[in-house]
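Peer 1: Supplied in structure tokens, the structure appears directly below.
Nothing in this text is a laboratory measurement; each read-out follows from the coordinates by a stated rule. Computed from a predicted model, the values in this text were never measured in an experiment. In this analysis, Cβ positions are derived from the backbone assuming ideal geometry, glycine residues included, and neighbour counts consider all displayed protein chains.
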Amino acid sequence: MAQPSIRIAHEDFGSSGRYVASLPGTEAEAELTWKSGGPGVIVADHTYAPDSLRGSGAAMALVQRLIDDSRKRGVQIIPACTYVRAQFERHPEWAELRA
């Protein structure tokens, strides 16, 4: 059975922001927050998925969107969050984005 698609929204507050993941049919949200780390750098500082979204791929979808947006914007990432740091370790192809 196919898994429902994960929807990702990005909220940008200028010097900080967050990515929010949700699945159709549920009100639960996972989030990845970030803040400015100086010119051309963002700090991924927190990732959270409620129990109802754990194992759904929502957290990884948040990190992937962060990676995609960082490439488009030409910014590097400081992976201060343990989950984001672990994903950087698993994906050496992201090395050029690590500040």
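Peer 1: Quick one: which residues, 5 or more positions from Ile77 or on another chain, have an amide H under 5 Å from its amide H? H modelled 1.01 Å from N in the peptide plane, none for Pro or chain starts.
Peer 2: Under 5 Å from the amide H of Ile77: Ile42, Arg98, Ala99.
Peer 1: What whole-number value in cubic angstrom gives the convex hull volume per residue for the C-alpha atoms of the chain?
Peer 2: So the per-residue Cα hull volume is 102 Å³.
Peer 1: By counting other Cβ atoms within 10 Å of each Cβ, how are Val84, Val41 ranked from fewest to most?
Peer 2: Ascending Cβ contact count within 10 Å gives the list Val41, Val84.
Peer 1: Rounded to the nearest Å, what's the spacing between the alpha carbon centres of the range 12-30 and the range 40-99? Just the number, please.
Peer 2: That distance is 14 Å.
Peer 1: Working out 0.36 nm times the residue gap between Ser5 and Ser36, then minus their Cα-Cα distance, what length gain in nm do you get to one decimal?
Peer 2: 8.2 nm
Peer 1: Magnitude of the Cβ-charge dipole of the chain, K/R +1 and D/E -1, about the Cα centre, nearest 20 debye?
Peer 2: Computed charge dipole of the chain: roughly 200 debye.
Peer 1: When the helix-only estimate is applied to the chain (DSSP H runs of n ≥ 4, each -39,500 (n - 2.57), divided by the residue count), what is the mean residue ellipticity at 222 nm, nearest 500 deg cm²/dmol?
Peer 2: The helix contribution divided over the chain gives -8000 deg cm²/dmol.
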